[in-house]
1. How high is the FRET efficiency between Leu29 and Asp92 when r is their beta carbon distance and R₀ equals 41 Å, given to the nearest 0.05?
2. Sort 91-97, 114-120 by packing, meaning the average of other beta carbons within 10 Å per residue, with the highest value first.
3. Please give me the summed charge of the neighbours of Pro102: other residues whose Cβ is under 15 Å from its Cβ, Lys and Arg +1, Asp and Glu -1.
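Computed from the coordinates by the stated procedures, all read-outs in this text should not be read as laboratory data. Quick caveat: nothing in here was measured; it's all calculated off a predicted structure. Here the Cβ positions follow ideal geometry from the backbone for every residue, glycine too, while neighbour counts run over all protein chains shown.
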Amino acid sequence: MGWNLKRDEGRLMSEINITPLTDVMLVLLVIFMVTTPLIMIESFKVKLPKAVSAGAEPGKGVVIEIGEGGNISINGKASSRVEPSQRAALYDAIKSALANSPEKTVVIKADTNVRHGLVVEVLDTAKLAGAAKLSIAVERKKKQTGTPSTTFRR
């Protein structure tokens, strides 16, 4: 366990020094602790629209995020990011994500400033790719008392 100052040249050393192994393992632990939160960050920030009647739905199924610039990300993975002009690639990416998901549900997280046509196009592509349920994620808005600020005319 310590230094052997005697010169026993005829005996083999039977102890293993694990100090360098421990040092390497601690360095690897620190590296993983620092890099894991970076991997879990969403690919881009999406500002969801707000609604009073938003129901709480568990985050199951495939999540498709549409950023303000029209960038599309599937399940928050940068490798699944698809440019809006590549609809065939979007179809293939959604189809493979649905194949790996136990539930055939697609949740769309579209930014408030994304044009409506793009959201409809992504919903249509998801339905064609085999999604059984489609939903749009929103943030819950505080319930207002009285009449709603938006009125609809016939």
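1. Working from the Cβ atoms, E equals 0.60.
2. Highest mean packing first, the order is 91-97, 114-120.
3. Values: positive: Lys60, Lys104, Lys133; negative: Glu103.
After counting each charged neighbour, the total is +2.
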